[in-house]
Amino acid sequence: EGFRSNDEKKKKFKLINFMMLFNNQKMDSKGININKNDEIVLIISGYKDPMNAILQGLCINNEINLNNIIFKVVDIKNDRRVKFNKINIYKVMTPIVESIWENGLVKFLNPYEPEYYDAIKQNLKRKYEIIYKKPYNGELKLMIENMLKIKKKSIRIKNGYIHGYSNFEILVQCDKDMQKVAYYCGLGQNSSMGIGLLNYITGGE
């Protein structure tokens, strides 16, 4: 179940994010190949309501269904506590995706154009308003630490491909509540597909 934003487009958000880590995977054109007894680490973050429901399901059923493959839950661990500051630096672990409609077609934005950062900010503000039930009017700045590290990645979905960018550190400057939105819900669109997940590096102020 998603959460509806209050802006003019009434976008619906599933306020979760995730990433899967494999120990012994093989990649091919069809996807990811794993062996029967391989272990997978599933990192999940998000807004408290969907996160609570996910944890309840994992604890009760002791298994998870991914693409009709059943995985047994071996252990559940809480993430290390993050100290949110006015300025935080994160590593982008999964691609940040942002797109706009242009001449009737989807145009995927890239980190070399200002619209990319504007779209990320708007997405964060919508998520913030859903969570805190008020608009965000504070400072919000984004800056990629090293543009030379940026990697483009195409992700296959049922209707084709989406294109995003990762493998870089990004500085986020905003208040602590907005930092929590960025960290737990991810940056950019398609967060519930495991897109835009961040790993905390350091912070200040």
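The values are calculated or read from the model by the stated rules, or taken from the named source; none is laboratory data. Keep in mind that what you see is a predicted model, and the values were worked out from it rather than measured. Quick reminder, even Gly has a Cβ in these numbers, built from the backbone with ideal geometry, and neighbours come from all protein chains shown.
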Can you run down the residue pairs with Cβ atoms below 7 Å, 6 or more apart or on separate chains, where the first is in region 96-113 and in contact (Cβ under 8 Å) with a residue 60 or more places away in the chain and the partner is assigned to a strand (DSSP E or B) and of a type in the set (Lys, Arg)?
-> Ser99/Lys107
May I ask you to list the residues in region 44-63 that are exposed (fewer than 11 other Cβ atoms within 10 Å of the Cβ) and at pLDDT below 80?
-> Lys48
Strands (runs of 3 or more DSSP E) fully within region 39-79 counting 3 or more residues that are closer than 22 Å to Leu198 by Cβ | 40-46
Selection count where residues are in contact with a Pro (Cβ under 9 Å, 6 or more places away or on another chain), exposed (fewer than 13 other Cβ atoms within 10 Å of the Cβ) and not in a strand (DSSP E or B), scope region 104-158 | 1
